[in-house]
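Have a look at the structure below, then the notes.
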Amino acid sequence: MNSFALADCSTVEAALSQLKDGAVVKAGGVDLLDRMKNGTDTPARLVNIRNIAALRGIHPTDQGLTIGALTTLAEVADDPTIRSQYTLLADACGHAATPHIRNMATLGGNLLQQLQCWYYRSADFQCLRKGKDICFAFSGLNQYHAIMDYGGCPSVAPSSGAVALLALDASVELTSAARGKRTVAIKDFYVQPDANPHRFHVMADDELLTAIHIPKLAPGTRSAYQKYGEKESHDWAIADAGILLEMDGNICRRAVVAMGAASPVVRRSHEAEAVLTGKPITPETARAAGKASMTNAMPLSMNGYKVQLFPVAIYRTVLLAAGQMDRDPSAAG
Ligand SMILES: Cc1cc2nc3c(=O)[nH]c(=O)nc-3n(C[C@H](O)[C@H](O)[C@H](O)COP(=O)(O)OP(=O)(O)OC[C@H]3O[C@@H](n4cnc5c(N)ncnc54)[C@H](O)[C@@H]3O)c2cc1C
Ligand code: SF4
């Protein structure tokens, strides 16, 4: 790891004043220190925001819920309001990584973690995402890579939290010293690699992610998240599904089907949502939704299994959200 200066900040203003000349923010440090140890990131200065008390906590508001960016995944997963009302977010945070990591990792850092493509995370490979015109995954080891919407970079969206927050129509609050606060919907936050392979999100270098806002839920909303992995635990998803159902009795008034490890940016399957909307939730409609989610799938040489796995993940998670199936014991986390 390179040597670096450390600016330990206890207020947002102090941290914002340090965000210049290539300084990099450290929250829990789980992702950032991993990249520094790999040698892919060599920042000269870290801005440690972990001790900014104002950026922690879960607060009900007139509009819904505000979560401070430094709230840990464990705190989100254990919060009674989130568990009872925003169940898929509690599921997503509570099944990410390991108990130790969930106590360190922050929700803001989870949304901002970088790609898990093993070529990208090795200092030995220079690819499209690092300014070259090559991707090693297309002809190399691509079993964990994307099956849709990938253009020139089939890396996958790594954040479980983003899957849940996309389904919840959440937004992030970004703050800079020069321009103050702005709010960006999660659906507009991440950048498709074909639009700009050098940016993962729309946040500027002088901005801090300060909070996550989640709107109030419509009456009759039920939700669930499940993640499937190669290992039972301690790993990122190879397929994950965040499901939100707005129910009138047994009829689904509105459905959101969010998917994580299918594409470079968390995505909704509008095809699966159309299958569920206006219908009763049954094993048949849930199965049809899972099948519809693969409409645009274009698997690579080693990840055709995901075309079978995602429909199962969506089928079981739709029924879990509807209260018609227990949590899948073979789900990871
Ligand atoms: C073994 C293992 C398994 C894992 N499994 C999963 C999984 O299943 N699901 C999942 O979602 N994740 C998983 N992770 C990833 C882990 O959850 C993330 O690394 C962690 O959430 C990052 O949070 P952090 O606070 O440590 O971020 P940091 O490492 O501190 O920061 C991450 C990035 O975001 C920037 N940043 C952080 N906070 C802010 C902010 N407030 N404003 C501006 N910039 C900021 C940093 O500069 C850095 O680039 C796993 C990790 C490991 C090691
Ligand atoms: S998948 Fe993306 S990050 Fe991975 S090697 Fe290809 S271009 Fe780079």
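The values are calculated or read from the model by the stated rules, or taken from the named source; none is laboratory data. Computed from a predicted model, the values in this text were never measured in an experiment. As a convention, Cβ positions derive from the backbone with ideal geometry for all residues, glycine included, and neighbour counts pool all protein chains shown. Just the protein is used for accessible areas: all its heavy atoms, side chains included, with ligands, DNA and RNA removed. Shrake-Rupley method; radii C 1.70, N 1.55, O 1.52, S 1.80 Å.
Structure notes:
- Rolling a 1.4 Å probe across all protein chains gives residue 8 an accessible area of roughly 100 Å².
- Over region 1-41, the pair-distance histogram of Cα-Cα distances with 10 Å bins from zero comes to 26, 54, 20, 0 percent, rounded to whole numbers.
- Here the chain has 54 percent of its accessible surface on carbon and sulfur atoms, given a 1.4 Å probe and all protein chains in place.
- Of the residues 106, 40, ranked by 1.4 Å probe accessible area with the largest first, the sequence reads 40, 106.
- Lys pairs under 21 Å by Cα in the chain, provided they are eight or more residues apart or on distinct chains: 11
- Those residues of region 292-331 whose amide nitrogen sits under 20 Å from the label point placed on residue 232, 7 Å along Cα→Cβ: 313, 326-331
- Taking the chain and dividing mean pair separation by its residue count, relative contact order in percent (alpha carbons under 8 Å, at least six apart): 17
- Qualifying trypsin sites (Lys or Arg not before Pro) for region 218-314 [loop in DSSP, other Cβ within 10 Å: at most 10]: 231
- Using a probe of 1.4 angstrom and keeping all protein chains present, the accessible surface of the chain works out to 42 square angstrom per residue.
- Eigen-decomposition of the gyration tensor built on the alpha-carbon atoms of region 1-121 gives equivalent ellipsoid semi-axes of 27, 19, 10 angstrom, largest listed first.
- For region 47-56, putting each phi into the Karplus relation 6.51 cos²θ - 1.76 cosθ + 1.60 with θ = phi - 60° gives couplings of 9, 7, 9, 4, 9, 8, 4, 5, 9, 10 Hz, in residue order, rounded to whole numbers and with x for Gly and Pro.
- Sites listed here are trypsin sites (Lys or Arg not before Pro) in region 18-74 whose DSSP assignment is loop and whose Cβ has at most 14 other Cβ atoms within 10 Å: 20.
- Stokes-Einstein D for region 221-321, Kirkwood Rh over Cα pairs, 4 °C, 1.567 mPa s (µm²/s): 96
- Inter-label distance, nm, simple model (7 Å from Cα along the C-beta direction), residue 291/residue 45: 5.9
- Between residue 185 and residue 56, the simple spin-label model (points 7 angstrom out along Cα→Cβ) gives 3.3 nm.
- Whole-angstrom gap from region 129-152 to region 189-264, using each part's C-alpha centre: 22
- Between region 7-72 and region 75-108, the alpha-carbon center distance in angstrom: 18
- Solvent-free Debye calculation, one equal scatterer per alpha-carbon of the chain: log10 I(q)/I(0) at 0.06, 0.12, 0.13 Å⁻¹ equals -0.20, -0.82, -0.96.
- Each Cα pair under 8 Å and six or more residues apart adds its separation to the average, and for region 213-333 the resulting relative contact order is 28 percent.
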